[in-house]
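Here's the structure we're looking at; comments come further down.
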Amino acid sequence: MSTFETRFREAMFSYAPTPLTVLTRGEGVRVWDADGKAYLDFLAGIAVNALGHAHPVFVDAVSRQAATLAHVSNYFASEPQLELAERLKRLTGGDAVFFGNSGTEAMEAAVKVARRTGRPRILALEKSFHGRTLGALSITGKPALREPFEPLLPGPEFLPTTVEALEAAIGPDVAALVRRADQGGGGRPRPPRGLPRPRS
């Protein structure tokens, strides 16, 4: 076991495998580990680093905001937050914006919204992955990830990724069909022809 792995296991609580290495810096699409080895970063922070690492525009924006106002919780709002929400509404044509820290937090919010409809059924797809919190795990279609934490939220129904299965399951009692365009930890299954596209 490497020194890094020993340090990690002794200091960090982890619900996932030990990280592959320690990254020390990044520039654009490249990252470097503690031994100075360079890598192309195809992961991009699990698809959140659209500008790459240390992009000057990003560094400047974060520095200016940190020098002005840091985190204000959800008891207050900040002007950049409101400006971004308004811009996203204009661009998407949506009704409202929900800011979350992760995909799993977005899934938790979606489950709450679905339950508020009063309809009892939530449909999810087999082999899907939606996050590591209890609510998101409840609608994750990978039994090996769910079972160690059961009992979870009751009720989700897991369907094969076929048009026929979806057509048979959809009805007026369905509160939500959970389907991610990018499956993330669920792999990259290709949806069959005719599967409804997610709404923007």
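Whenever a residue of segment 25-46 is farther than 20 Å from ARG7 by Cα, its partners that are aromatic (Phe, Trp, Tyr), lying with C-beta atoms within less than 9 angstrom and at least six residues away or across chains, give the pairs GLY26/TRP32; VAL29/PHE42; ARG30/TYR39; VAL31/TYR39; ALA38/TRP32; TYR39/TRP32. Scan segment 92-103 and give yes if some residue there is within 12 Å of the chain's Cα centre (by Cα), at pLDDT below 90, of a type outside the set (Asp, Glu) and not in a loop (DSSP other than H, G, I, E, B), otherwise no. The answer is yes, given that some residue of segment 92-103 is within 12 Å of the chain's Cα centre (by Cα), at pLDDT below 90, of a type outside the set (Asp, Glu) and not in a loop (DSSP other than H, G, I, E, B). The listed residues are GLY184, GLY194, and the only one of them that is surrounded by 12 or more Cβ atoms within 10 Å (Cβ to Cβ), on the phi > 0 side of the Ramachandran plot and at pLDDT below 90 turns out to be GLY184. Answer yes if at least one residue in segment 143-161 is aromatic (Phe, Trp, Tyr), crowded, with 16+ Cβ neighbours inside 10 Å and modelled with pLDDT of 90 or more, and no otherwise. Checked segment 143-161: at least one residue is aromatic (Phe, Trp, Tyr), crowded, with 16+ Cβ neighbours inside 10 Å and modelled with pLDDT of 90 or more.
Among the residues of segment 107-125, those that are surrounded by fewer than 16 Cβ atoms within 10 Å (Cβ to Cβ) and not basic (Lys, Arg) comprise ALA109, VAL113, THR117, GLY118, PRO120.
Of the helices (runs of 4 or more DSSP H) entirely within segment 110-180, those holding at least 1 residues that are of a type in the set (S, T, N, Q) occupy 134-138.
Could you tell me whether any residue of segment 66-77 is of a type in the set (Ser, Thr, Tyr), surrounded by fewer than 10 Cβ atoms within 10 Å (Cβ to Cβ) and not in a strand (DSSP E or B)? Checked against the condition, which is being of a type in the set (Ser, Thr, Tyr), surrounded by fewer than 10 Cβ atoms within 10 Å (Cβ to Cβ) and not in a strand (DSSP E or B), segment 66-77 yields at least one hit.
With the structure loaded, tell me whether ALA85 is out of contact with any helix residue (DSSP H, G or I) (no Cβ under 9 Å at 6 or more places or on another chain) and surrounded by 14 or more Cβ atoms within 10 Å (Cβ to Cβ) or whether it fails that test. Here the answer is yes, as ALA85 does meet what is asked. Applying a threshold of 8 Å to beta carbon distances and a minimum spacing of six or more residues, or different chains, the list of pairs starting in segment 114-143 at a residue that is assigned by TED's automatic domain parsing to the domain that holds PRO172 and over 16 Å from ARG179 (Cα atoms) and ending at one that is part of a helix (DSSP H, G or I) and among the aromatic types (Phe, Trp, Tyr) reads LEU134/PHE149.
The values are calculated or read from the model by the stated rules, or taken from the named source; none is laboratory data. Computed from a predicted model, the values in this text were never measured in an experiment. Every residue, glycine as well, gets a Cβ built from its backbone with ideal geometry; the counts of neighbours run over all protein chains shown.
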